[in-house]
1. Can you tell me which residue within region 6-43, out of those that are among the basic types (Lys, Arg) and within 12 Å of the chain's Cα centre (by Cα), is nearest to Glu87 (Cα to Cα)?
2. Being under 20 Å from Ala112 (Cβ atoms), at pLDDT below 95 and not hydroxyl-bearing (Ser, Thr, Tyr) narrows it down to one of Ala47, Ala33, Ala22, so name that one.
3. Please determine, by comparing only the residues of region 61-98 that are part of a loop (DSSP other than H, G, I, E, B) and free of Cβ contacts under 8 Å to residues at least 40 places away in the same chain, which one is most open to solvent (accessible area, probe 1.4 Å).
4. Just to verify a result, which residue in region 1-50, among those that are among the charged types (D, E, K, R) and within 20 Å of Ile105 (Cβ to Cβ), is surrounded by the fewest Cβ atoms within 10 Å (Cβ to Cβ)?
5. So which pairs qualify, if the first residue must be in region 1-17 and under 9 Å from Thr118 (Cβ atoms), the second must be open to solvent by 60 Å² or more (accessible area, probe 1.4 Å) and among the charged types (D, E, K, R), the Cβ gap must be under 8 Å, and the two must be at least 6 apart or on different chains?
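The values are calculated or read from the model by the stated rules, or taken from the named source; none is laboratory data. Everything quoted here is computed from the prediction, not taken from an experiment. Cβ placement follows ideal geometry from the backbone for every residue including glycine, while neighbour counts extend to all protein chains displayed. Protein only, heavy atoms only, side chains kept; ligands, DNA and RNA dropped before computing areas. Shrake-Rupley method; radii C 1.70, N 1.55, O 1.52, S 1.80 Å.
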Amino acid sequence: QLQASGGGFVQAGGSLRISCSASARTFSGYSVAWFRQAPGKEREFLAACKWSGTCTYYADSAKGRFTISRNNAKSTVYLQMNNLKPEDTAVYYCAADSRLISSTIRDEYRYAYWGQGTLVTVSS
């Protein structure tokens, strides 16, 4: 199971770090990702860390402002978000799967495990 936390209300230009904790004892063997869904829009990929520890997969909307990281000892993945904008307002979801490769890691339909989502609201 995945449990997302850390969402909240922040002003534009501010920062927020959200977390996702996993109950799996084999967390290190899973690729993990963050997605978000804004009101009235489809869910979109933001960033991912491969099971190998490579955390270099980002959507264009996240590059330069968001940073994904993982702590396998704590079975937790983080998303540090800086310079937040009102258009970043969304429910943020973490996801995990053990079978992903570079060509599939951005595909939400490849992920078997999802957190419940945490709401981030950015005011202008």
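1. Filtering region 6-43 down to residues among the basic types (Lys, Arg) leaves 17, 25, 36, 41, 43.
Applying the additional criterion that residues be within 12 Å of the chain's Cα centre (by Cα) yields 17, 36, 43.
Numbers: Arg17: 17, Arg36: 11, Arg43: 14 Å.
Looking at the filtered set, the residue picked out is Arg36.
2. Working: Ala47 fails: at pLDDT below 95; Ala33 fails: at pLDDT below 95.
Among Ala47, Ala33, Ala22, only Ala22 is under 20 Å from Ala112 (Cβ atoms), at pLDDT below 95 and not hydroxyl-bearing (Ser, Thr, Tyr).
3. Lys63
4. Glu42
5. Final answer for the pair search is Gly6/Arg17.
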